[in-house]
1. Report, as a whole number in µm² per second, the diffusion coefficient that Stokes-Einstein gives for the chain at 4 °C and 1.567 mPa s using the Kirkwood radius over alpha carbon pairs.
2. Would you tally the net charge around residue 59, using a Cβ to Cβ cut-off of less than 10 Å, leaving residue 59 out, and scoring K and R as +1, D and E as -1?
3. Once you put a point 7 Å from the Cα of residue 168 and another 7 Å from the Cα of residue 19, both along the Cβ direction, what distance in nm separates them?
4. When the helices in the chain are scored as -39500 (n - 2.57) per DSSP H run of 4 or longer and the sum is shared across all residues, what 222 nm value do you end up with, to the nearest 500 deg cm²/dmol?
5. Which longest run of the chain has no exposed loop site in it, a site being trypsin sites (Lys or Arg not before Pro) in a DSSP loop with at most 14 other beta carbons within 10 Å, and the site itself not part of the run?
6. Using the Karplus curve 6.51 cos²θ - 1.76 cosθ + 1.60 with θ = phi - 60°, work out ³J(HN,Hα) for each residue of region 5-19 in order, rounded to whole Hz, and write x for Gly and Pro.
7. What pairs from 187/248; 7/187; 248/292 go past 30 Å between their alpha carbons?
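We did not get these values from a lab; they are worked out from the coordinates using the rules stated. In this text the structure is predicted, and so the values were computed from the model without any measurement. Quick reminder, even Gly has a Cβ in these numbers, built from the backbone with ideal geometry, and neighbours come from all protein chains shown.
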Amino acid sequence: MTTAQHKIGSGFGATTTADDVLRGIDLTGRLAIVTGGYSGIGLETTRALTEAGAHVVVPARRRATAEEALAGVKDVEVDELDLGDQESVRGFAERFLASGRTVDILIDSAGIMACPETRVGPGWEAQFATNHLGHFALVNRLWPTIAPGGARIVSVSSRAHHFSGMRWDDVQWTRGYDKWEAYGQAKTANVLFAVHLDRLGRDAGVRAFSLHPGGILTPLQRHIPKAEMIERGWIDEAGNALNPQGFKTPRQGAATQVWAATSPQLDGLGGVYLEDCDIAEPSTDARPTGVKPWATDPDEAARLWTLSATLTGVNAFPPQPPTSRTP
């Protein structure tokens, strides 16, 4: 059954923190993997999950940096993973599979934003390759370890998915690269990924969600010049966040993905886009928030899954051949 893309009245909101949504929830004995779990909202997600009792694995492109950032966090381990490198994704997945453990929570939080035109792997556009294809391959390679009957997979998207749907005629941006539209396509892909993954995994009790964490000033903005952030009204000349923009703190920014990963309010639900710790409403001309229809279209989601499997060569859910019939 498809979950309706409408608010459920969670009682939380934009100022809710990760600690707020975890109050009264015991994650003892649960294992979580959080990509990007050593910086920005990923770090706050890791901290909150471990304080609730979970053991968290943080795969990181900059392992030494991650170990330093997480030095004061209990019950966490760091491994190496570069989402823009499919061989690195394979290596991490194989090491985790060899450990014999199962995954209860997988939060795809890492990403890059509005970077200059960059090519990785076989010439893939870096934002699509890192934010989407890397996580697509990671989840599919780890699928044998995903605990049935209650595991959750969380794909961290953004309201930037409003900038662009899928550019099927030029997914890799070989013509007329625009850093913000390319970011928007990658964020749309994050939503579509959760839509189709939930469809494939729900019979096994594995549910998937996507979300907009809110506007938060973190190292995610590393590729954006200071002058551009001032022009956009994000910061002042001294580099301070401008409150009229409604920026969240990192602890508030981590709340929606932690809620998606753990809240009993979402039991039996899945495949939906969340914001401010609730299911988001569809976006309309009169409602500039919420989720665009191109990001929740099941046919678009299935098409992206097929393309992603072809590009990465990884698919935990290969199409089943038609059943042969004896005349």
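1. Once the numbers are plugged in, D ends up at 65 µm²/s.
2. Every neighbour counted, the sum reads -1.
3. Result: 4.8 nm between the two label points.
4. -9000 deg cm²/dmol
5. Of all site-free stretches, the longest is 233-324.
6. Per residue, the Karplus-derived 3J(HN,Hα) values read 7, 8, 4, 10, x, 5, x, 9, x, 5, 9, 4, 9, 4, 5 Hz.
7. Distance filter (> 30 Å) returns an empty set.
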